[in-house]
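Notes to accompany the following structure.
Values quoted throughout were computed directly from the atomic coordinates according to the rules given, and no laboratory measurement underlies them. Small disclaimer: the values here were computed from a predicted structure and weren't measured. Glycine also receives a Cβ, built like all others from the backbone with ideal geometry; neighbour counts cover every protein chain displayed.
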Amino acid sequence: MIPPSFDYHAPKTLPEALELLGRFGGEAKILSGGQSLLPLLKLRFAEPAHLVDIGRIPGLDYIKEEGGFLRIGALVREAGLETSPLVRSKYPILVDTASVIADPLVRNLATVAGNLAHGDPANDHPATMLALGAEVVATGPKGTRTIPVAQLFTGIFTTALAPAEVLTEIRIPIPPLGSGGAYVKLERKVGDFATAGAAAYLVLQGGVIARAGVGLTNLGPTPIKAVDAEKYLAGKKPDEATFAEAGRLAAAATIPGADRRGSVEYKKEMARVLTTRALRIAARRAGGK
Amino acid sequence: MAKHAIQVTVNGAARGAEVESRLLLVHLLREEFRLTGTHIGCDTTHCGACTVLLDGVPVKSCTVLAVQADGRSVMTVEGLEKDGNLDPIQDGFMQEHGLQCGFCTPGMMMTAHAFLAGNKNPEEDEIRRAISGNLCRCTGYVNIVKAVQHAAGKLQ
């Protein structure tokens, strides 16, 4: 399959990219890793007149802790996240997530920022970033603004990013001592989108849950932040009964569609089971195990 | 739609081409450069038959634009053999019968070649994970894993 015709632009700097995006308005799409965009173009799901390739802009490929956040630059690949010593030692939930996205070859090109900016409810990072309370930095013609990931997904394949904005950085609050997170995905085979996925993040203090985050993958038109489950978890003991009830509340927040991956009932049940499992692992990690 | 003049180092040799923006890397390699060892399988980023190394990293060349390779180096299956000597991974596939129809083999070998460059003594499950983006519909993977192990042994 050959993509439809478009003009290709390879800006060398971010201001140059923003100028191009501003000039073309909604006629342009940002190309980065290309692992979602190019398949879409081949299938004619999108036919942009211009592609602005941000892949040659230096200085956007970094993973660092600074100013209270883990900062992930726009051009960090999934493989880079998965193998980063910092991420492997302190953010196992990100390793859980990156390592189940597509397959190793796709992960060599696909970017973490693209996984969010694409706005696909079947993508895996959104659930994890929702659970972790992350925010993204959007850089546009008038400067930068931050958008909480909880406000990023406005509809299916639609985000709060303006056409002339680039998602330049992901910011995850550095987790306090006694916290832990996990992402659990059910997939039919390597490379498939999730039948269902659940991310959980727990902050434990004095033997109770001080704060909780729960995000869900591919269980509705947008990634889902399971707010009722999060509220329920706060102040509770991290035990099986608590996790079971949180799983039930998370499942109640889903609005999946039936497809070849399963029926509505099956997916809701998987949401419950996976949320419970993710919470169990998160609690174990929060306890230093 | 303007054409782009690109320069790509392919298997160590500098090559130039005038390409449309939408030309895929796999088509540049096969149709412009006549390097038909790189196969087109599913053409939907699933099967990995089109795997090549882009600056040493295995990628699916059906999901990369030729213009994205401008100024970079590409290695295809034709670049594995050196001075008439097979690469250890090629020898491994031969010795261990790591193929039946052979369609997935070029991509499988490129992935394995890059994997072994970063992991000289892999466990079986590391090998299986490394090749999980390359589909084989004949072998059941057992002999492919043996082929990679054979190559790893030769590289030590």
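Some notes on this structure:
- Scanning the stretch B:7-37 for residues that are more than 21 Å from the chain's Cα centre (by Cα) and within 11 Å of chain A (Cβ to nearest Cβ) returns B:19, B:20, B:21, B:22.
- Any chance residue A:79 is closer than 13 Å to residue A:33 by Cα, out of contact with any His (no Cβ under 8 Å at 6 or more places or on another chain) and away from chain B (no Cβ under 14 Å): no
- Boolean, residue B:48 is without any contact (Cβ under 8 Å) to a residue 40 or more places away in the chain and outside any helix (DSSP H, G or I): no
- Pairs meeting the criteria (first residue in the stretch A:39-58 and more than 8 Å from every other protein chain (Cβ to nearest Cβ), second residue surrounded by 20 or more Cβ atoms within 10 Å (Cβ to Cβ) and of a type in the set (Phe, Trp, Tyr), beta carbons under 7 Å, at least 6 apart or on different chains) are A:48/A:6; A:49/A:6; A:50/A:6.
- Test: residue in the stretch B:17-37 that is surrounded by fewer than 21 Cβ atoms within 10 Å (Cβ to Cβ), in contact (Cβ under 8 Å) with a residue 40 or more places away in the chain, touching a strand residue (DSSP E or B) at 6+ places or on another chain (Cβ under 7 Å) and not in a loop (DSSP other than H, G, I, E, B): yes
- Members of the stretch A:92-115 that are more than 14 Å from chain B (Cβ to nearest Cβ) and surrounded by 24 or more Cβ atoms within 10 Å (Cβ to Cβ): A:93, A:94, A:97, A:112, A:113, A:115
- Number of positions in the stretch B:44-71 that are more than 28 Å from residue A:11 (Cα to Cα) and at the interface with chain A (Cβ under 8 Å from one of its Cβ atoms): 2
- Qualifying residues in the stretch A:174-201 (those that are closer than 14 Å to residue A:124 by Cα and assigned to a loop (DSSP other than H, G, I, E, B)) - the one farthest from the chain's Cα centre (by Cα): A:190
- Failed condition for residue B:76, given (1) away from every other protein chain (no Cβ under 14 Å); (2) buried (at least 23 other Cβ atoms within 10 Å of the Cβ); (3) out of contact with any Leu (no Cβ under 7 Å at 6 or more places or on another chain); (4) among the β-branched types (Val, Ile, Thr): (3)
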